[in-house]
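> First the structure, which I've put down as structure tokens, then a few questions once you've had a look.
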């Protein structure tokens with residue numbers, strides 16, 4: 001199912017687009033999967049909201065995984081030559097948004113490493129496939145499945161449990177009442193005897 005990563009240079013628009021058409025549609029790394037045709041990123045089956053530039057940075061870094069992608073290369077990939085923006089600030093902001101979406105920090109990078117005075121490198125391991133990767137069940141799904149009754153075992157009604165709770169409550173109340181009555185009886189008996197001794 002897993003194939004070798006395509007070696008297309010994502011920074012060369014024309015070449016990248018032609019290679020993109022023949023390269024595997026799906027890729028994954030860690031709990032993340034990417035559908036490049038739909039331009040969607042998922043984490044454990046849940047869709048992430050990545051803005052266009054943030055998504056583009058992710059693809060550029062993954063396609064060059066293990067290599068250093070310079071800030072200038074990212075600028076060329078993200079903004080046309082005639083675009084007038086503060087490239088440095090925009091590259092920083094875009095990479096930081098990507099890190100936030102992936103849930104990592106610059107202190108302990110798991111996927112995106114900053115290479116001082118050079119650029120960035122994708123240090124994860126991405127796999128490629130022509131078919132969707134199987135989705136790992138989310139923790140909520142696993143929890144529901146763990147507590148689900150087997151299909152061949154009849155479901156037990158919650159009503160007896162509710163009934164037993166009512167009986168338990170009644171028994172406790174009855175014991176309390178009996179305790180109060182016994183206490184009152186002992187107190188009355190004690191007061192009566194104590195009164196007789198002093199007469």
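The values are calculated or read from the model by the stated rules, or taken from the named source; none is laboratory data. Please read these numbers as outputs of a predicted model, since none were measured by experiment. Reconstructed Cβ throughout: ideal geometry from the backbone, glycine too, with neighbour counts over all protein chains shown.
> Return the total of residues in the range 108-131 being touching a helix residue (DSSP H, G or I) at 6+ places or on another chain (Cβ under 6 Å) and not in a strand (DSSP E or B).
Residues that pass the stated criteria total 2.
> For the structure I just gave you, tell me whether residue 88 is surrounded by fewer than 20 Cβ atoms within 10 Å (Cβ to Cβ), over 22 Å from the mean Cα position of the chain (by Cα), assigned by TED's automatic domain parsing to the domain that holds residue 124 and over 19 Å from residue 117 (Cβ atoms). Let's see the steps before the verdict.
On the way: surrounded by fewer than 20 Cβ atoms within 10 Å (Cβ to Cβ): yes; over 22 Å from the mean Cα position of the chain (by Cα): yes; assigned by TED's automatic domain parsing to the domain that holds residue 124: yes; over 19 Å from residue 117 (Cβ atoms): no.
Considered against the rule, which asks whether it is surrounded by fewer than 20 Cβ atoms within 10 Å (Cβ to Cβ), over 22 Å from the mean Cα position of the chain (by Cα), assigned by TED's automatic domain parsing to the domain that holds residue 124 and over 19 Å from residue 117 (Cβ atoms), residue 88 comes out as no.
> While we're looking at this one, here's another question. State whether one or more residues within the range 106-119 are surrounded by fewer than 16 Cβ atoms within 10 Å (Cβ to Cβ), assigned by TED's automatic domain parsing to the domain that holds residue 34 and closer than 21 Å to residue 47 by Cβ.
Among the residues of the range 106-119, at least one is surrounded by fewer than 16 Cβ atoms within 10 Å (Cβ to Cβ), assigned by TED's automatic domain parsing to the domain that holds residue 34 and closer than 21 Å to residue 47 by Cβ, which makes the answer yes.
> Okay, moving on. Would you mind finding the one in 173, 112, 123, 191 that is more than 30 Å from residue 27 (Cβ to Cβ) and modelled with pLDDT of 80 or more?
Values: 112 fails: more than 30 Å from residue 27 (Cβ to Cβ); 123 fails: more than 30 Å from residue 27 (Cβ to Cβ); 191 fails: modelled with pLDDT of 80 or more.
Going through 173, 112, 123, 191 in turn, just one is more than 30 Å from residue 27 (Cβ to Cβ) and modelled with pLDDT of 80 or more: 173.
> Which residues, taken from the range 126-150, are under 21 Å from the mean Cα position of the chain (by Cα) and modelled with pLDDT of 65 or more?
Residues satisfying the conditions are 126, 127, 132, 133, 134, 135.
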